[in-house]
Amino acid sequence: MSSIRLFILGSLAERGEMHGHAIRLLAEEERIDNWTDFGPGAIYGAIKRLAADDLIVERRTEREGNYPERQIYGITESGSAMLAELRRDGIEHIVYRHDPVDLAIARYDSDDMDGLVAALRERLAELKARREYAEQHGAQIRQYLTLMESHVMRHQYHRLTGEIAWHEELLAAMPEIITDENVRKSAKS
């Protein structure tokens with residue numbers, strides 16, 4: 001599943017023909033890097049790849065004022081078919097990636113458990129700040145969003161809430177975990 005392909009093809013299908021700069025501005029306006037796995041800077045390279053794969057095609061070239069000429073792209077029939085496939089894949093396939101924090105915690109230096117607790121507290125504070133930002137940002141842009149987009153934006157908030165709950169649970173268990181680590185160390189000695 002390619003999020004950037006889904007975004008570009010979906011934008012062209014929904015909004016009609018556009019030049020690369022307009023697609024990039026749309027990505028910036030929607031703050032795409034806050035809720036997908038790519039940023040606006042990746043748009044131009046993806047457009048070239050989509051054109052090379054005949055999923056979009058240059059329809060014409062336009063010039064506005066003193067701006068440089070811009071190629072206007074439209075989605076092709078095979079691009080529409082790919083868009084339908086990407087939409088299905090995005091809905092049907094659950095993407096759950098392992099977080100490297102799990103391995104880092106599992107293999108943390110047992111002689112520095114205070115450092116682990118401090119690092120977990122910092123992570124928790126950062127997660128709470130991100131959730132607060134997601135909540136504030138969502139409130140600021142809600143008037144510009146469709147009802148569907150509002151619900152999509154809430155997904156990030158809920159994911160962060162789950163991460164916060166896990167971190168709080170882990171921090172509450174740390175005294176017991178430290179005792180267990182110390183017992184295991186003593187048994188090895």
*Restricting attention to region 107-162, which trypsin sites (Lys or Arg not before Pro) occupy a DSSP loop and are surrounded by at most 12 other Cβ atoms within 10 Å?*
107
*Figure the gain on full extension for residue 119 and residue 80 (residue separation times 0.36 nm, minus the Cα-Cα span) and round it to one decimal in nm.*
9.4 nm
*Determine how many Å³ per residue the convex hull of the Cα atoms of region 82-189 encloses.*
129
*Distance from the Cα centre of region 135-169 to that of region 44-61, in angstrom?*
33
*Can you tell me the order of 173-186, 57-70 when each peptide is scored by its average per-residue count of other Cβ atoms within 10 angstrom, highest first?*
173-186, 57-70
*Apply the Karplus parameterisation 6.51 cos²θ - 1.76 cosθ + 1.60, with θ equal to phi minus 60°, to every residue of region 71-80 and state each ³J(HN,Hα) to the nearest whole Hz, in sequence, with x for glycine and proline.*
7, 9, 10, x, 7, 8, 4, 5, x, 5
*Please say if region 65-120 is rounded, prolate or oblate, where rounded means a/c under 1.5 for a ≥ b ≥ c the square roots of the C-alpha gyration tensor eigenvalues, and otherwise the choice is prolate for a/b larger than b/c and oblate otherwise?*
oblate
_Probe of 1.4 angstrom, ligands and nucleic acids ignored: what's the accessible area per residue over the chain, in square angstrom?_
68
*Would you kindly give the portion of the calculated P(r) for region 132-175 that falls above 15 Å, as a percent of all Cα pairs?*
50
_Other-chain or far-sequence residues with amide H under 5 Å of residue 18's (modelled H)_ = 73
*Residues whose placed amide H lies under 5 Å from that of residue 56, excluding near-sequence neighbours*: 51, 76
*Taking the radius of gyration and the Kirkwood hydrodynamic radius from Cα positions alone, what is the Rg/Rh ratio for region 1-84, to two decimal places?*
0.95
*Roughly what angle does helix 113-141 make with the longest principal axis of the chain, taking Cα atoms, 0 to 90 degrees, to the nearest 10?*
30
*Using a probe of 1.4 angstrom, how much of the accessible area of region 1-131 is carbon and sulfur, in percent?*
48
*In sequence order, calculated HN-Hα J values of region 8-21 (Karplus, 6.51, -1.76, 1.60; Hz; x Gly/Pro)*: 5, 4, x, 5, 5, 5, 7, 9, x, 4, 8, 8, x, 5
*So, how do all the Cα-to-Cα distances of region 42-143 break down into 5 Å bins, in percent, from 0 on up?*
2, 9, 9, 10, 10, 11, 12, 12, 9, 7, 5, 3, 1, 0
*What value does the chain have for Rg/Rh, both radii from Cα atoms and Rh as Kirkwood defines it?*
1.14
*Helix 43-52: angle to the longest alpha-carbon principal axis of the chain, degrees 0 to 90, nearest 10?*
60
_Placing unit charges on C-beta atoms (Lys and Arg positive, Asp and Glu negative, everything else neutral), compute the dipole magnitude of the chain about its Cα centre in debye, rounded to 20._
340
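The values are calculated or read from the model by the stated rules, or taken from the named source; none is laboratory data. The structure displayed is predicted, hence computed values, not measured ones. All Cβ positions, glycine included, derive from the backbone under ideal geometry; neighbour counts span all protein chains shown. Quick note on the areas: whole protein, heavy atoms, side chains included, nothing else; ligands and nucleic acids left out. Shrake-Rupley method; radii C 1.70, N 1.55, O 1.52, S 1.80 Å.
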